[in-house]
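All remarks here apply to the structure that follows.
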Amino acid sequence: MKPDISTSADIRILIDTFYEKVQTDVVIGYIFNEIAHVNWAHHLPIMYAFWEFLLLDTPDAYRGNPIQKHLDLHQKIPLKAEYFDRWLSLFQTTVDELFEGPMADNAKFRAFAISETWKPKFDGPFAVKSTT
Ligand code: HEM
């Protein structure tokens, strides 16, 4: 039986493992590495805070504007539906590898809900236009 997600240390393991997969992924890895040139030492703590805010009921953990970050990125590379599907699949695989229980299910559901909400903003008939 795997543990459920319950502490900030759990979030850290989840996020570190997820972004290890993202960085080497054939579909979306290059967006992070070669287009956004993500500074991982800077980005990972932001992502710990974001997921703590969502899952561990710490309202002050994250204050940011994630949609705006992705709108900026969308001007460098159009964010296609298939990228969101890949992002979600990597996230859900990572959760399943490491954790199980109600909070693990909640993490997968939140990732699904955000990804599905964002996807049509970037790809589809009502999407924000990309200049690239
Ligand atoms: C197509 C799929 C995605 C790609 C390619 C992508 C890429 C990126 C990149 C490159 C950054 C760093 C931006 C920067 O610091 O300049 C970023 C930030 C971030 N992403 Fe994503 N992302 C994707 C989907 C998602 C989804 C579905 C979520 C939420 C569940 C998410 C949550 C975040 C958050 C919270 C940040 C930090 C924003 C901040 O700095 O405050 N991303 N993303």
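Observations on the structure shown:
- Criterion (at pLDDT 95 or above, surrounded by 13 or more Cβ atoms within 10 Å (Cβ to Cβ) and over 15 Å from the mean Cα position of the chain (by Cα)) met by exactly one of Lys119, Lys76, Lys108: Lys76
- Unmet requirement for Phe84, which otherwise passes all of (1) surrounded by fewer than 16 Cβ atoms within 10 Å (Cβ to Cβ); (2) under 29 Å from Pro125 (Cβ atoms); (3) under 15 Å from the mean Cα position of the chain (by Cα): (1)
- The residues of segment 47-72 that are within 26 Å of Thr7 (Cβ to Cβ) and surrounded by 15 or more Cβ atoms within 10 Å (Cβ to Cβ), listed by number, are Met47, Tyr48, Ala49, Phe50, Trp51, Glu52, Phe53, Leu54, Leu55, Leu56, Ala61, Tyr62.
- Residue check, Ser130 open to solvent by 30 Å² or more (accessible area, probe 1.4 Å), within 23 Å of Val27 (Cβ to Cβ) and touching a His at 6+ places or on another chain (Cβ under 6 Å): yes
- Among residues of segment 59-73, those that are at pLDDT 95 or above and among the charged types (D, E, K, R), counted: 2
- Pairs are defined by a Cβ separation below 6 Å, a sequence spacing of at least 6 or placement on different chains, a first member in segment 18-37 that is surrounded by fewer than 15 Cβ atoms within 10 Å (Cβ to Cβ), and a second member that is assigned to a loop (DSSP other than H, G, I, E, B) and among the hydrophobic types (A, V, I, L, M, F, W, C); the pairs so defined are Ile35/Ile77.
- Only one of the listed residues (Pro125, Pro102) is surrounded by fewer than 14 Cβ atoms within 10 Å (Cβ to Cβ), out of contact with any Pro (no Cβ under 6 Å at 6 or more places or on another chain) and either acidic (Asp, Glu) or within 22 Å of Ser8 (Cβ to Cβ) (or both). That residue is Pro102.
- Residue list for segment 104-132, filter: small (Gly, Ala, Ser) and either over 15 Å from Lys80 (Cβ atoms) or assigned to a helix (DSSP H, G or I) (or both): Ala104, Ala107, Ala111, Ala113, Ser115
- Output for segment 57-76, where each listed residue is under 20 Å from Tyr19 (Cα atoms) and more than 8 Å from the ligand (Cβ to nearest atom): Ala61, Ile67, His74
- Scope segment 38-48; condition free of Cβ contacts under 8 Å to residues at least 24 places away in the same chain, more than 9 Å from the ligand (Cβ to nearest atom) and under 14 Å from the mean Cα position of the chain (by Cα); matching residues: Trp40, Pro45
- Residue count for segment 108-132, restricted to those that are more than 10 Å from the ligand (Cβ to nearest atom) and of a type in the set (Gly, Ala, Ser): 3
- Here Leu90 fulfils each of the conditions (1) near the ligand (Cβ under 10 Å from one of its atoms); (2) surrounded by 15 or more Cβ atoms within 10 Å (Cβ to Cβ); (3) touching a residue at least 12 places away in the same chain (Cβ under 8 Å); (4) closer than 27 Å to Thr131 by Cα apart from (4).
The values are calculated or read from the model by the stated rules, or taken from the named source; none is laboratory data. These figures come from a predicted structure and were not determined experimentally. For neighbour counting, all protein chains shown are included, and Cβ atoms are generated from backbone atoms with ideal geometry for every residue, glycine included. Protein only, heavy atoms only, side chains kept; ligands, DNA and RNA dropped before computing areas. Shrake-Rupley method; radii C 1.70, N 1.55, O 1.52, S 1.80 Å.
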